[in-house]
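Here's the structure we're looking at; comments come further down.
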Amino acid sequence: MLAISRAAAFALAFALACAALPAGARAQGEPFKPAVQFETRIDALGGPPAGAQLGIGANIAPDYYLRLGADAAFGAASRGGTAVPAGRVDVVTRYLLDPLHEFRWGPYAGAGMTAQWDQRANWRANLLVVLGIEGPVHAGWRTSVELGLGGGARLGVVLRRARSNGR
């Protein structure tokens, strides 16, 4: 059974509150076009347990500054010196500091929840906080480097499909 801690419940409430924020002011002549943005990622997990995972996901842009996303990842974790199957599901709200791509690199911060599993442990939910920086477009994709804290530390490289109207 999935037991949700007080911190995880707070993270969910925070993510829902961010999603309910009113839309920001729109620039004249530039209509906002919400679209699904697909992503793929590779993460090194600092644990416990330590491991590595590959994931896929998607996010939507309800506003210029916010991205609501979910991803699922699968890989291996180290338990007692043995590699065991492991996975996770993340739900994150990201706040972009440069949503209109005015600069080459765009930092972002976010919060949400992560539910993690490995073969020797039950599902566990944790608050997730992420900091990242998204780079320029190459061949229709943007590369991001992301640091996450939630049920352990993680460092990830994320490839997101480039949007035609900003980040």
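Things worth noting here:
- Annotation: amide H-H contacts under 5 Å for Ala50 (H modelled 1.01 Å from N, sequence separation of 5 or more, or interchain): Ser78.
- Taking a Cβ cut-off of under 12 Å around Val157, the surrounding Lys, Arg, Asp and Glu residues balance to a net charge of 0, with basic ones at +1 and acidic ones at -1.
- Cut-off 12 Å between beta-carbons: net charge of the residues surrounding Arg79, Lys and Arg +1, Asp and Glu -1: 0
- Descending principal axes extents, the range 121-167, alpha-carbon based, whole Å: 40, 16, 16
- Whole-Hz couplings from phi, Karplus 6.51/-1.76/1.60, listed for the range 149-154; x for Gly and Pro: 10, x, x, x, 8, 8
Any read-out appearing in this document is the output of simple, stated calculations on the displayed coordinates, not a laboratory observation. Remember, predicted model here, so these are calculated numbers, not experimental data. Please note: Cβ atoms are built from the backbone with ideal geometry, for glycine as well, and neighbour counts cover all protein chains shown.
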